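Note sheet for the following structure.
The values are calculated or read from the model by the stated rules, or taken from the named source; none is laboratory data. This one's a predicted model, so the numbers in the text were calculated from it and none came from an experiment. Cβ coordinates were reconstructed from backbone atoms using ideal geometry, including for glycine residues, and neighbour counts include every protein chain displayed.
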Amino acid sequence: MGRQVSAHFYLDLENVVEPVVAGMGYELVDLQASNGGRLLRLFIDKPGGIGLEDCAAVSRQLSRVFEVEGVDYERLEVSSPGLDRPLRKASDFERFAGQKAELKMRTPGEGGRRKYVGVLRGAADGQVNLELDGKVVVLALEDMERAKLVPEL
C-alpha cells in the first residue's frame, strides 16, 4: 500500500515550487504527486511556449531547492502543459479568451448538463463566460471540476 499524499503536502510543496518557478520567469500550471509523493510532476508555461531546455533548467533548480528544503522524492518530471493545457485560475480564462475549451462542472446546470465545449469569452467576479452556438453561458469558477483548452489542429 502506497503512502497517502495529504492536501497539506501539496500546499507545502506548492509553496516551495511556485516562487522558484516564478522567479525563473515561468508559470506553474499544475503540480501533481503520485506514488505517495515519490513521483513529482510539474507543468510549466511561459509566453511563446516551453522547450526542453526550459524543463531541464527548472528541473535542475528544483532538485537543488528540494535538497535544501528536505523534500523527499524519487523522481521529478517537468514538462509543458501541452496543447490541451488545463485551465485553473481566472487569469487562465482571460489569457486564453477566444480559444476553444472544454469545461466540466461538479453540479449539473440547465437541462442536467455538466460538460460544455465552446469558445472562452473571459472571466470576471468568479464567473467564466463561454460561448456556445452563438450564446454566452456564465459558469461559476468554484463549481468547475476541470477545464482545458481544446486544440484546433
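Candidates 145, 110, 152: the one that is more than 27 Å from residue 46 (Cβ to Cβ) and either out of contact with any helix residue (DSSP H, G or I) (no Cβ under 7 Å at 6 or more places or on another chain) or not assigned by TED's automatic domain parsing to the domain that holds residue 44 (or both) is 110. Exactly one residue out of 95, 114, 121, 88 is of a type in the set (D, E, K, R), surrounded by 15 or more Cβ atoms within 10 Å (Cβ to Cβ) and touching a strand residue (DSSP E or B) at 6+ places or on another chain (Cβ under 6 Å): that is 121. What is the residue count in region 102-111 for residues that are touching a strand residue (DSSP E or B) at 6+ places or on another chain (Cβ under 9 Å) and outside any loop (DSSP other than H, G, I, E, B)? Matching residues across region 102-111 total 5.
Scan region 115-125 and tell me whether some residue there is touching a Lys or Arg at 6+ places or on another chain (Cβ under 8 Å) and within 24 Å of residue 28 (Cβ to Cβ). Yes, the conditions are met somewhere in region 115-125.
Per the listing 153, 120, 139, 132, the residue uniquely hydrophobic (A, V, I, L, M, F, W, C) and modelled with pLDDT of 95 or more is 120.
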